[in-house]
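Chemist: Please find one structure pasted underneath; my questions will follow.
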Amino acid sequence: MRRVALVGVGILAAGCAPSVGLDASAHDHARVIAPDAQNEVADASEPASDASVLDSADSPGDASRDPSHDLTVHLVGTSADTGRWFECRLLDDRNRLRSLAVLTGLTSPTESFALYGSVPTTPMRVDTWIDDDGTLAWSPPPLDRAWRDWLVGAGPFVVPVDTALSPADLTAPTNVLAADFVGHMTGFDAHVGFAYELTLRVTATDRQVGLYRTTLPASGTFDVNLRGIVDPGTEYTAFWYIDLDRSGSYNRYGDHSAMLTATALASGLSLSHDHHLGTTTQP
């Protein structure tokens, strides 16, 4: 085991994000999303280059990067969906998974998130679904609800997901060729009930391939799984924080956070983190 000390307090999120089948040929309630030039881009600082330890005061990304590849998703009409699992999948025209966002439990009538640099080219599609039957796996309607949007042209892109719209039936499996990102987390019982968010990016290009958002559980011990998003031999930067000031976004002066850069193996990218010790190990 390789032991890595992190500057700051690092966490990964609760729950296990299973794969869900989504069909490239389904067109039920599919919409074409044109670029939105007014989409705001979050400010971020340049990532550190150290392969094992990154300063928690810095967040990943480069503020000077081109925002035209960004995707922002606005989820509305979820008043009755509090606590339900939500997934967003970005797929290319060959049905390959390029980026994955997981919200383990919806918390408000409206929620938003961004996948920065996640749209390398178009056309691409955005498949989203809510886990109504509580299985943590996609079930065709009426058991679960799903929606589909298409990205065309140049970005940045904004996708509104209105749960009042008729859902699509996304039944065929996604063509997932990459490996999994897995985190095993312990010692977070001091922050029960606070929001957590992790982002995963390709270090060389700053393309965001993963987002995981959850609420810290009472046990303080949990796993995070982002399936099918890391390529063996590619270096990734993971950044995670606890939203201690409850602002809904990262505050470098008020939140606990940390970063880690590592290269994915054939088996994927995995780590274990102890919050009390502030250390991370990798197999």
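Chemist: Residue by residue, what Karplus-based ³J(HN,Hα) values in Hz, rounded to whole numbers, does segment 240-245 have, using 6.51, -1.76 and 1.60 with θ = phi - 60° and x for Gly and Pro?
Modeler: Karplus-based 3J(HN,Hα) across segment 240-245 equals 9, 8, 9, 7, 5, 8 Hz.
Chemist: Please list, in order along segment 267-279, the HN-Hα scalar couplings obtained from phi with the Karplus expression 6.51 cos²θ - 1.76 cosθ + 1.60 (θ = phi - 60°), rounded to whole Hz, x for Gly and Pro.
Modeler: Using θ = phi - 60°, the values come out as 7, x, 10, 9, 7, 10, 10, 10, 5, 5, 7, x, 10 Hz.
Chemist: While we're on this one: Taking only the alpha-carbon atoms of segment 60-109, what semi-axes of the equivalent ellipsoid follow from 5 times the gyration tensor eigenvalues under a square root, in whole Å, largest first? Before the final figure, lay out the partial values.
Modeler: Values: eigenvalues 128, 53, 20 Å².
Working through the eigenvalues yields semi-axes of 25, 16, 10 Å.
Chemist: Rounded, prolate or oblate for segment 163-283? Axes are the square roots of the Cα gyration tensor eigenvalues, ordered a ≥ b ≥ c, and the cut-off for rounded is a/c under 1.5. Spell out each step's value before the answer.
Modeler: Numbers: a/c = 1.71, a/b = 1.19, b/c = 1.44.
Oblate shape, in that a/c is at least 1.5 and b/c is the bigger or equal ratio.
Chemist: Among VAL102, VAL159, what is the fewest-to-most ranking by other Cβ atoms within 10 Å? Before the final figure, lay out the partial values.
Modeler: Working: VAL102 25, VAL159 20.
In order of increasing Cβ crowding within 10 Å: VAL159, VAL102.
Chemist: While we're here: Kirkwood Rh, Cα Rg: Rg to Rh for segment 56-158? Each step should come with its number before you reach the end.
Modeler: Numbers: Rg = 14.8 Å, Rh = 14.8 Å.
My calculation of the ratio gives 1.00.
Chemist: How much FRET efficiency would the formula 1/(1 + (r/R0)^6) give for SER166 and SER68, where r is the Cβ-Cβ distance and R0 is 41 Å, rounded to 0.05? Let's see the in-between values first.
Modeler: Working: r = 31 Å, r/R0 = 0.76.
Once rounded, the FRET efficiency stands at 0.85.
No value in this document is a laboratory result; all are computed from the given coordinates. Everything numeric in this text was worked out from a predicted model, so none of it was measured. Counting neighbours? That spans all protein chains shown, and the Cβs are built from the backbone with ideal geometry, glycine included.
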